[in-house]
Amino acid sequence: MRLKDKVAIVTGAGAGIGRATAHALGREGASVVVDDIDLDGAERTADEVRKLGAKALAIKADVSKVGEVKQMVERAVAEFGRVDILVNNAAYLDFSFKLFHETEAGDAEWEGNINTTLKGVLHCCRAVIPHMIEQRGGRIINIASGAAKGGIERMAIYAACKGAVPSFSRAIATELAPHGILVNCISPGNTATEHLLHFVETLPDLFKQFQAGIPLQRLGEPEDIADMVVFLVSDESKYITGQHFSVDGGASMT
């Protein structure tokens, strides 16, 4: 119960890493605001968190829209009185694997990544920071990607948006340190989420390629990322801020 009496918002928590993170935070005693653009997925996760003995509130909010993000944070504060933890996990996923010059400004890949993967992080941070300043403390965890360090061929726009997240995290970590707010960034490697597993099932050779590049010889599990989130929002990490952690089975070493 390392997070007893804490209140957390997790975006993109209807499945995958966000769902596992909501479970992990609830298991440690936090009340969890479960946000997802898919309300059914958010409700399922919230029910699962409640079964773990924690409070949970499911919200459908599109993080690309400022108004919906503000309403989400207002509902969280109205329901639980405060926001101690923000986990920015929501992202736009597109496995079309187009070469950059085959894409066009304004198409779904551009707009989805810029508005959700990047601006979604900015919108959520902007909405919660005033509350955390007033409380004189808080934790923000921004989920980036291995693409933030190495790039991914045929996913250049995704890589660009994820690559901006660590730099943004370091910048606001400096700004917010005097207020007792810690900001860190996690880059998962290839992780066995529903989206990725559905994709690799259709391309088994690519799956083998993914595994071959991981020294631990397995895909990550969503719980591997969730465990790192719990550490970074607990008192065990009270002297860590502005850092970018890879949780990728050693893939970034190669």
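The values are calculated or read from the model by the stated rules, or taken from the named source; none is laboratory data. Bear in mind that the values here come from a model prediction, so they are computed numbers and not experimental data. Neighbour counts run over all protein chains shown; Cβ positions are idealised from the backbone, glycine included.
Miscellaneous remarks
- Answer from 172, 152, 157 - the residue that is outside any helix (DSSP H, G or I) and at negative phi: 152
- When restricted to residues that are crowded, with 17+ Cβ neighbours inside 10 Å, hydrophobic (A, V, I, L, M, F, W, C) and out of contact with any helix residue (DSSP H, G or I) (no Cβ under 8 Å at 6 or more places or on another chain), the range 226-254 contains 3.
- In the range 141-169, the qualifying residues are those that are over 22 Å from residue 21 (Cα atoms) and among the charged types (D, E, K, R), and the one that is surrounded by the fewest Cβ atoms within 10 Å (Cβ to Cβ) is 153.
- Each residue in the range 66-81 was checked for being of a type in the set (Gly, Ala, Ser), without any contact (Cβ under 8 Å) to a residue 40 or more places away in the chain and closer than 20 Å to residue 122 by Cβ, and 1 pass.
- Applying the set (1) at pLDDT 95 or above; (2) in a helix (DSSP H, G or I) to residue 183 leaves exactly one unmet item: (2).
- Tally of residues being without any contact (Cβ under 8 Å) to a residue 40 or more places away in the chain and small (Gly, Ala, Ser) across the range 149-159: 2
- Residues being exposed (fewer than 15 other Cβ atoms within 10 Å of the Cβ) and in contact with a helix residue (DSSP H, G or I) (Cβ under 6 Å, 6 or more places away or on another chain) - total across the range 76-93: 0
- Taken together, the residues in the range 160-169 that are without any contact (Cβ under 8 Å) to a residue 40 or more places away in the chain and either in contact with a Gly (Cβ under 9 Å, 6 or more places away or on another chain) or assigned to a strand (DSSP E or B) (or both) amount to 1.
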